[in-house]
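Structure record follows, encoded as structure tokens.
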Amino acid sequence: MATIGPGIDTAAPRLRLLVLQPTPFCNINCSYCYLSNRRSVAVMSHATLDLACRRVFESPLLDLQLEVAWHGGEPLTVPLTWYEEAIALMAERCPVAVQLKHRFQTNGLLLNERWVRFFAQTGATIGLSIDGPADLHDASRRTRSGRGTYDGAMRAVRLLQDNDLAFHVITVLTERALDDPDRLFDFYVQNGIKDVGFNIEEIEGAHSHSSLASADVETRFRRFIKRLFELVWSRPGLLVVREFESTVGLLLSNKPAKDEQNLPFAIVSVSHDGQLSTFSPELLGARHPRFETFALGQVVVHGLSDVECAPSFRAINNEIRRGVEACEHSCRYFRWCGGGAPANKLFETGRFDATETMHCRLTRQVVLDEVIAGIESRIGRRERPYDLCGLEAP
Amino acid sequence: MSTELDRRRHLSTGTVVVSLIAAVTGVWAGDALASQPTIAARVGDQELSARVAAIVERVSLVDPALVRDLPPQIKIAQWRN
């Protein structure tokens, strides 16, 4: 394979995440959604999936573990029987040495006992999209007729809990959530939600404005993270927050961070109609004046090595590399960040070779600052953890 | 000997979940560190890397497994829906 960037071992297996879009259709209409074609009811054919498997499984870049993220649209709008056949097909095509792990990210509205049994049988992990208490959740996550989806999402929580099926929650933080971290923390704990990741309302794709882009938001976001870290630290093990786990892991790691979104073919994305892409999954389906599309190949005709030779891939990869190098030379957080997410650079600044973005300031810099300061402030203290916040002992 | 495995086994039972944060809070709960000066006092406003190095040093003194047993790549990204 050709050279793809300085410091990258081109022969090293690194393909660990396959993002598959069974359909672009979503049964709800979140205000911050970045997908432009979420009304389309098209569904990936099993023939397309078969070709996608061939392209991925034949690649020398494939690692020994491959996460398969089923991500739409809303993946559960595709019939369960489709997935039963799809997962059997993937198992049949997968090399013996490679372990597949299936992941579903869903709004939960269509979850039922049959889906739960399927997840349990396949060992798939489930992420539910819930933005917190009803007023926060329903402010953004509504049906096309304008109804809130909170009750349906919480019904999914109960169904998974009643069946002892572990799950995580992804919460999208909008401006209105920033002033009440205690209420969000209490919401998770009181509802038995043990594992949460926070995404910010990003400027991406069809969503060209974020409520977090205003002037005072960074200060409020910093206060939110600081307080949430206090709450999580004070009751260890009660709530796992993805951002804190990742950050502490990065701080304690002997090696500098690498952002898989910057590494070509660490992530491969395939759309419902067989278009292939890499880098940030949000790029697939997006359009841009300079690059037109980020569909870099088609599974019917292109393998990953063909994609790597395409002029469009080279142009994008070169610009992303320049962006990462610029981050390395200019940013004191680089050691623990790895160069930022290409999609956020592009959609915020118009270029991949940009450096700082709202996304990186909030999700990398502020989080690193507050986790480091939070740990420092507690070193040497001997109080019981839950004394720090005036909470009752668990 | 208190090992990372022991701690994680404890953390995975009951209503408590596996957490690196929880493991690190355990480091600070240890009496062995009580007589040592705080990191904030040692490094003041030093550069970020020095502050992180001080944290790593402190953790590794108590539980080296937390420092060396980490995967080389840690994912931050996860896609919303």
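Tabulated data for the structure shown
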read-out: Segment A:ASN163-A:ASN318, extension gain: residue separation times 0.36 nm, minus the distance between their alpha carbons; value: 51.0 nm
read-out: Of the GluC sites (Glu not before Pro) in the range A:13-112, those whose Cβ has at most 14 other Cβ within 10 Å and which sit in DSSP loop; value: A:GLU58
read-out: For A:GLN298, residues with placed amide H under 5 Å, excluding near neighbours; value: A:LEU276
read-out: Average partner coverage of A:164-170, which counts Cβ from other chains inside 10 Å; value: 1
read-out: Residues whose placed amide H lies under 5 Å from that of A:ASN199, excluding near-sequence neighbours; value: A:THR171, A:VAL172, A:LEU173
read-out: Length released on extending from A:ASP63 to A:GLU85, taking residue separation times 0.36 nm less the Cα-Cα span; value: 5.5 nm
read-out: Highest average packing first - A:159-171, A:45-57, A:220-232, Cβ atoms within 10 Å; value: A:220-232, A:45-57, A:159-171
read-out: Footprinting exposure proxy for A:SER211, A:SER253 (fewest neighbouring C-beta atoms within 10 Å first); value: A:SER211, A:SER253
read-out: Straight-distance crosslink candidates among lysines, where the alpha carbon sits under 27 Å from A:LYS226 and sequence neighbours closer than 8 are dropped; value: A:LYS194, A:LYS255, A:LYS258, A:LYS345, B:LYS75
read-out: Check: the range A:15-260 dipole with +1 on Lys, Arg Cβ and -1 on Asp, Glu Cβ, in debye; value: 140 debye
read-out: Helix-only CD estimate at 222 nm, as mean residue ellipticity for chain A, using -39500 (n - 2.57) per DSSP H run (n ≥ 4); value: -11000 deg cm²/dmol
read-out: Furthest towards positive pole of dipole, A:ASN254, A:LEU231, A:THR219, structure part the range A:215-272, Cβ charges; value: A:LEU231
read-out: Extreme residue, positive dipole direction of the range A:54-155, given options A:LEU62, A:GLN121, A:VAL78 (C-beta unit charges); value: A:VAL78
read-out: 3J(HN,Hα) from dihedral phi, the range A:14-29, Karplus parametrisation 6.51/-1.76/1.60, rounded to Hz, x for glycine, proline; value: 9, 6, 10, 9, 10, 9, 10, 9, x, 7, x, 6, 10, 7, 10, 9
read-out: Top positive-direction residue, dipole computed over the range A:37-186 with Cβ charges, set A:ALA166, A:LEU184, A:ALA139; value: A:ALA139
read-out: Long-range HN-HN contacts of A:GLN105 with modeled amide H, under 5 Å; value: A:TRP70, A:GLY127
read-out: Residue-wise HN-Hα coupling along the range A:197-203, computed from phi with Karplus coefficients 6.51, -1.76, 1.60 (Hz; x: Gly, Pro); value: x, 9, 9, 8, 5, 9, 8
read-out: Loop-located chymotrypsin sites (Phe, Trp or Tyr not before Pro) in the range A:256-360 whose Cβ has at most 16 other Cβ within 10 Å (DSSP); value: A:PHE291
read-out: Ascending count of other beta-carbon atoms within 10 Å, so fewest first, for A:LYS255, A:LYS194; value: A:LYS255, A:LYS194
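A short reminder: the numbers here are calculations on the coordinates, not readings from a lab. Here the structure is a predicted model, which is why all the values come from computation and not from measurement. All Cβ positions, glycine included, derive from the backbone under ideal geometry; neighbour counts span all protein chains shown.
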